[in-house]
Amino acid sequence: YIKHLSRKGNMKNILEKYKSVLMYLFFGVCTTVINIAVYWLFYTFLSLPNVISTILSWVISVLFAYITNKLWVFESRSFNKQVLSHEIPTFFGARLLSGLIDLGIMFVFVDIMFFPAMVVKIISNVFVVIFNYIASKLVIFK
């Protein structure tokens, strides 16, 4: 029984230690799913051009990401002007950079090289998620 309690305590310590990473992964997956689903909706279902679909999926997923990252991943609960004046430009600026990376990948591999759009979108999101975590952890919500 004592070993069970100590394992339970260790698990709690591990979860607490890696909480921001686990929450980022969870909401990162949610954001990625939103990004890919919205892209699919616009590109495949509504037949909008690749670049337009990529931009629209970026806008919607970044709004979702900001709210979830602020409140649950990095637990930034303040909404005062000083905090928001740092978080909003840095968050959206970093996301703009990763959005341009996504847009570049999508344009080159879908519009120029004619790779399958949904496959490229998924691969592109792997690079975007890694970049966004590093930017969020080191700059935005430090």
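Of the conditions (1) within 30 Å of LYS19 (Cα to Cα); (2) of a type outside the set (Val, Ile, Thr); (3) open to solvent by 80 Å² or more (accessible area, probe 1.4 Å), PHE114 satisfies every one except a single condition; which number is it? Result: PHE114 passes all but (1).
Of the residues making up the range 28-51, those that are of a type outside the set (S, T, N, Q) and under 25 Å from ALA135 (Cβ atoms) number 10.
Within the range 49-67, residues that are among the polar types (S, T, N, Q) have Cβ atoms under 9 Å from residues that are outside any helix (DSSP H, G or I) and open to solvent by 60 Å² or more (accessible area, probe 1.4 Å) in these pairs: SER53/LEU46, counting only partners at least 6 apart in sequence or on another chain.
Only one entry in THR68, THR44 is among the β-branched types (Val, Ile, Thr), in a helix (DSSP H, G or I), over 12 Å from the mean Cα position of the chain (by Cα) and at negative phi, namely THR44. Does any residue in the range 91-118 that is under 18 Å from THR44 (Cβ atoms) come within less than 7 Å, Cβ to Cβ, of a residue that is charged (D, E, K, R) and buried (at least 16 other Cβ atoms within 10 Å of the Cβ) six or more places away or on a different chain, and which pairs are these? Here the result reads MET106/LYS121, each pair linking the range 91-118 to a residue that is charged (D, E, K, R) and buried (at least 16 other Cβ atoms within 10 Å of the Cβ). Residue-level check: of (1) closer than 16 Å to VAL126 by Cα; (2) out of contact with any Cys (no Cβ under 9 Å at 6 or more places or on another chain), GLY93 misses just (1).
So is TYR24 touching a residue at least 60 places away in the same chain (Cβ under 8 Å), open to solvent by less than 40 Å² (accessible area, probe 1.4 Å) and touching a Phe, Trp or Tyr at 6+ places or on another chain (Cβ under 6 Å) or not?
Working: touching a residue at least 60 places away in the same chain (Cβ under 8 Å): yes; open to solvent by less than 40 Å² (accessible area, probe 1.4 Å): yes; touching a Phe, Trp or Tyr at 6+ places or on another chain (Cβ under 6 Å): yes.
So TYR24 fits the description; yes.
Scanning the range 104-120 for residues that are among the hydrophobic types (A, V, I, L, M, F, W, C) and assigned to a helix (DSSP H, G or I) returns ILE105, MET106, PHE107, VAL108, PHE109, VAL110, ILE112, ALA117, MET118, VAL119, VAL120. With part of a helix (DSSP H, G or I) and exposed (fewer than 12 other Cβ atoms within 10 Å of the Cβ) as the only criterion, which of ILE52, ILE14, ILE36, ILE60 stands out? ILE14 is the lone residue from the list that is part of a helix (DSSP H, G or I) and exposed (fewer than 12 other Cβ atoms within 10 Å of the Cβ).
For the range 88-140, the tally of residues that are more than 21 Å from PHE27 (Cα to Cα) and of a type in the set (Asp, Glu) stands at 1.
The values are calculated or read from the model by the stated rules, or taken from the named source; none is laboratory data. Nothing here was measured: the structure is a model prediction, and the numbers come from that model. Virtual Cβ from ideal backbone geometry, glycine too; neighbours counted across all protein chains shown. What goes into the accessible areas is simple: the full protein's heavy atoms, side chains included, and nothing from ligands, DNA or RNA. Shrake-Rupley method; radii C 1.70, N 1.55, O 1.52, S 1.80 Å.
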